[in-house]
1. Cut-off 10 angstrom, C-alpha nodes, Gaussian network model of the chain. Which of H163, H16, H115 fluctuates the most?
2. Of C49, C152, C143, how do they rank once you tally other Cβ atoms within 10 Å and put the fewest first?
3. Quick one: dipole size for segment 2-206, taken about the Cα centre, charges +1 on Lys/Arg Cβ and -1 on Asp/Glu Cβ, in debye to the nearest 20.
4. For R118 and R12 in one chain, what is 0.36 nm times their gap in residues minus the Cα-Cα distance, to one decimal in nm?
5. Where does helix 147-159 land angle-wise versus the long Cα axis of the chain, in degrees 0 to 90, nearest 10?
6. Just for the chain, what percent of DSSP beta bridges are antiparallel, to the closest 5?
7. Can you give the relative contact order of the chain as a percent, counting alpha carbon pairs under 8 Å and 6+ residues apart?
8. Output the 0 to 90 degree angle, nearest 10, between the alpha-carbon long axis of helix 120-130 and the longest principal axis computed from the alpha carbons of the chain.
Amino acid sequence: MGTKAVVETYGRLAAHYDRRWSFYIEATLRETLRRLALQPRERLLDVGCGTGVLMEAIAAAIPDVELAGADASPEMLAVARRRLGDGALLREGQAERLPFADGSFDVVSSTNAFHYFRDPVAALEEMARVLRPSGRLVITDWCDDYLACRICDLWLRLFDRAHFRTYGTEELRQLVEQAGFRPVRIDRYKISWLWGLMTAVGRRVAAESGERPGPPQGRAARWNRSAAWPTDCGAS
Ligand SMILES: C[S@@+](CC[C@H](N)C(=O)[O-])C[C@H]1O[C@@H](n2cnc3c(N)ncnc32)[C@H](O)[C@@H]1O
């Protein structure tokens, strides 16, 4: 029900999204890129990737990064496909059930999407699942520590069926730690006199035993997009 509203909403917004939200997108990109600390040849999954703006910025800044994106909205993904061509593997799917195999990525990012996730714990557990041991999580979203965001959250809960809820820094920290990330650092910052965001950076805890095996490591083991990006987790 909830994700249906998200899909309908972004089906309508997709064609105008980049233009309409350009200030907000630019600020998010700037703040998220600074905290990603991506290295050449790392594999990144962007969850709720929308029109692919973050992946485009990463591709321009860091050579040879392997990019993948998942989003629930086919229309947003269509814009991302036009933007990125074969520069990224794009899959329709929900954050709560990611269409990628265990341990597939070095980094998972998500920007401006977490407040839509109906089951944030399941989404974070999925992000942990698709990360390799010690892989990094970087989430940027609205920050409820700021009054403007709290008011907006209440209004959207009443009038926007697509919206789910926003979080403060301590709530987000608890959720991220609960999903198996440690340490977790959360920065909050204003992007205008009114509006505030936060970025959480965490590392997937590598269990001492019973660790799920990650994908092959090293340059020689780089995956062939067409064949080896496993999708055994129920792509929709
Ligand atoms: C505000 S847009 C952000 C897009 C992009 N990350 C950005 O920063 O420009 C939110 C995106 O999250 C996606 N989304 C919302 N809930 C989702 C879910 N449960 N699973 C996957 N994608 C979801 C929407 O379809 C939409 O493309």
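All of the numbers you see were taken from the coordinates with simple rules; none came from a lab. Note that the structure is a prediction, hence the values are computed from the model and not measured. When we count neighbours, we look across all protein chains shown, and the Cβ atoms used for this are built from the backbone with ideal geometry, even at glycine.
1. Result for the chain, Cα springs under 10 Å: H16 fluctuates most.
2. So the residues, fewest neighbours to most, are C152, C143, C49.
3. 160
4. Working it through step by step, the gained length comes to 36.1 nm.
5. Around 90 degrees separate the two axes.
6. Antiparallel bridges make up about 45 percent of those DSSP assigns within the chain.
7. 21
8. Once rounded, the angle reads 20 degrees.
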